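The values are calculated or read from the model by the stated rules, or taken from the named source; none is laboratory data. Keep in mind the model is a prediction, meaning the values are calculated, not measured. Because the Cβ atoms are built from the backbone with ideal geometry, glycine has one as well, and the counts that use them run over all protein chains shown. These accessible areas exclude ligands, DNA and RNA; they are computed on the full protein's heavy atoms, side chains included. Shrake-Rupley method; radii C 1.70, N 1.55, O 1.52, S 1.80 Å.
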Amino acid sequence: MADLRTSYMGIALRNPIMMGACNLVDKPDMICQLEEAGIGAFVYKSLFEEEIILESIQLEEELSEYADRSPEASNVFPHMKHAGPEEHLLNLRKFKQKTSVPVFASLNALTDEAWMEYARKIQDTGVDGIELNFYAVPGNFDLTANAIEKKQIEIIEKVRKVVSIPVAVKLCPYYTNVLNIIKRMDEVGVNGFVIFNRFFQPEINTGTEEFYYPFDLSKDHDYQITLRFTGLLYGNINGSICGTRAIYNTQQMIKILLAGADAVQVVSTIYRNGENQIKMMLSELSDWMNKKGYQSINDFKGKLSKKRLPDSSVYNRAQHIEILSRSEEIYKKHRMV
């Protein structure tokens, strides 16, 4: 029988499927069903510092609204403070205590002090590891790529000094050289890399002439950029590799594992197909391994990475030129289908 166990950042998982950070953790029934379906680990929804700041400002405004209406009322709770991250941390602690599989926290902060403070508090909840979300949307034309990357490296170094649990970073692919920044992060002690984050992008309603953020799930072929960089990274860094983005089915998961990932994170497929999708993917993975004669994940992990392929040209941009040179042939083929 196929052994689906794997290791992510040194933490044993019963299988390589993790639920990525999302609001599904607020649904107890769903979480129980995912555990029963066999999920290997959970990433708790992100703690966003900007949300805490906004809530604090809103609370301050609501309290000050009544400050002059009654001299006594303004002093009923003189030391009242916004809960800030405390409710999030309390829920995270409860989630960890009632869950039988590893739990990882997710953090997205703004200032150095916040990254360090919240990382320490997250560690105190008892989680197995922490995931730092890095994404820079430059609003300053003079801010260079080097300055952004340097700042992120400094944040990692500071967080590493205040926590002892494994630290992963969840990255976007929009770096000048994503391989270089991952290598530098690896050198300063990052234990795992989650590739790649997907962000809500702004959209315009032409009727109201207003911006809005549509809730779009990943597209079916979005996983291919993850596939490429997983294959490039395997065997060249010390940290674990976790693939994410549009991993909807077993075949897509197997492809990411063949490229070299230790685990995968799924979200969109749970929203679209429900918790039973996890059970089906695990069953199909086991069947595929038995058919291929693989006894464990390590038997085929990274088999199709650049490092282990005799001809690694599939990972080079030159391959795109070959495709373009065959464009007429490909066009005719698709026209006939």
Using only the Cα atoms of segment 132-192, each taken as one equal point scatterer with no solvent, compute I(q) by the Debye sum, divide by I(0), and report log10 of the ratio at q = 0.14 Å⁻¹. -0.39
A 21 angstrom limit on the alpha carbon distance is what I want to check against. Which of 94/161; 255/292; 27/98 exceed it? 94/161
What is the distance, in nm, between label points placed 7 Å from the Cα along the Cα-to-Cβ direction at residue 29 and at residue 291? 3.5 nm
To the nearest 10 Å², what's residue 184's accessible area with a 1.4 Å probe? 70 Å²
Other-chain or far-sequence residues with amide H under 5 Å of residue 22's (modelled H): 45, 46
How much accessible area does residue 6 have with a 1.4 Å probe, in Å² rounded to the nearest 10? 20 Å²
For residue 120, tell me the accessible area in Å² from a 1.4 Å probe, rounded to the nearest 10. 100 Å²
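So for segment 114-250, considering every pair of alpha-carbon atoms, how many percent are separated by more than 20 Å?
Across segment 114-250, Cα pairs with separations above 20 Å total 55 percent.
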Residues whose placed amide H lies under 5 Å from that of residue 197, excluding near-sequence neighbours: 171, 172
Note, ³J(HN,Hα) from phi for segment 186-195, Karplus 6.51, -1.76, 1.60, rounded to Hz, x at Gly and Pro: 4, 5, 9, x, 5, 8, x, 10, 9, 10
Between residue 137 and residue 153, what is the label-point separation in nm under the 7 Å Cα-to-beta-carbon projection? 2.7 nm
